[in-house]
Amino acid sequence: DAGVTQSPTHLIKTRGQQVTLRCSPKSGHDTVSWYQQALGQGPQFIFQYYEEEERQRGNFPDRFSGHQFPNYSSELNVNALLLGDSALYLCASSLVSADEKLFFGSGTQLSVL
Amino acid sequence: AQSVTQLDSQVPVFEEAPVELRCNYSSSVSVYLFWYVQYPNQGLQLLLKYLSGSTLVKGINGFEAEFNKSQTSFHLRKPSVHISDTAEYFCAVSGGSGSARQLTFGSGTQLTVLP
């Protein structure tokens, strides 16, 4: 049973560019959450998707957007990249009926130069 | 709003010694509390969680935590650590309507087990 998979594992971009990160949830899960983890800090909640809709959003600017597909996979898009967007981006999946039980992927390490 | 404070950024301890990682939270509503572990170059793995009921919660790998409502604390303990326990540990809280929809994490405690 595959867990949460994220791609790519590493990514290097320059300021002003746009990036798309991808996440496949654990088999059977219908909810996907995204977190940003800056170096030396705890993860910060970006948003959560369920039934292809953004269900809740953290304190992140509109440059951060997402999408959930009918097969429950998800994308995180970041526009107009800033140096401060450099971080590990974690995807977590869960069942909407038991969303206290999150399963995390290994993350995508984004470096903005 | 809710917040989590992990009082120690680094905790070195010798193998087979006991360890306590401290966590305090603030929230105006009832909360769920969690401890996660992160090994290098990996995502987060749930160690244990408190949702309701008994205030002493047992998790994986021999870890346990005690919820103390009066002190708003949720400290993590292990009676005897192993080299393999070396990792970053995060305390987290969620609230609102009893959902973990949005986890708020502390800044982490690096546990280093020395031989």
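The values are calculated or read from the model by the stated rules, or taken from the named source; none is laboratory data. The shown structure was predicted, so the numbers you read here are calculated from the model rather than taken from an experiment. Here the Cβ positions follow ideal geometry from the backbone for every residue, glycine too, while neighbour counts run over all protein chains shown. Accessible surface areas use protein heavy atoms only, side chains included; no ligands, DNA or RNA. Shrake-Rupley method; radii C 1.70, N 1.55, O 1.52, S 1.80 Å.
Annotation: of all residues in the stretch A:23-58 being farther than 30 Å from B:SER9 by Cβ and touching a residue at least 60 places away in the same chain (Cβ under 8 Å), the one that is most open to solvent (accessible area, probe 1.4 Å) is A:GLY28. For A:PHE69, the criteria (1) under 16 Å from A:PRO43 (Cα atoms); (2) away from chain B (no Cβ under 11 Å); (3) aromatic (Phe, Trp, Tyr) hold in every case but one, which is (1). Which ones in the stretch B:35-72 are among the hydroxyl-bearing types (Ser, Thr, Tyr), more than 10 Å from the chain's Cα centre (by Cα) and surrounded by 12 or more Cβ atoms within 10 Å (Cβ to Cβ)? Selection gives B:TYR39, B:TYR50, B:THR55, B:THR72. With respect to the conditions (1) closer than 26 Å to A:LEU90 by Cα; (2) open to solvent by less than 20 Å² (accessible area, probe 1.4 Å); (3) of a type in the set (Lys, Arg), B:LYS78 lacks only one, and its number is (1).
The set of residues in the stretch B:19-34 being touching a strand residue (DSSP E or B) at 6+ places or on another chain (Cβ under 7 Å) and either open to solvent by 20 Å² or more (accessible area, probe 1.4 Å) or within 13 Å of chain A (Cβ to nearest Cβ) (or both) consists of B:GLU20, B:ARG22, B:CYS23, B:ASN24, B:TYR25, B:SER26, B:SER27, B:VAL31, B:TYR32, B:LEU33, B:PHE34. Of the set (1) more than 26 Å from A:TYR35 (Cβ to Cβ); (2) not in a loop (DSSP other than H, G, I, E, B), all apply to B:LYS49 but (1).
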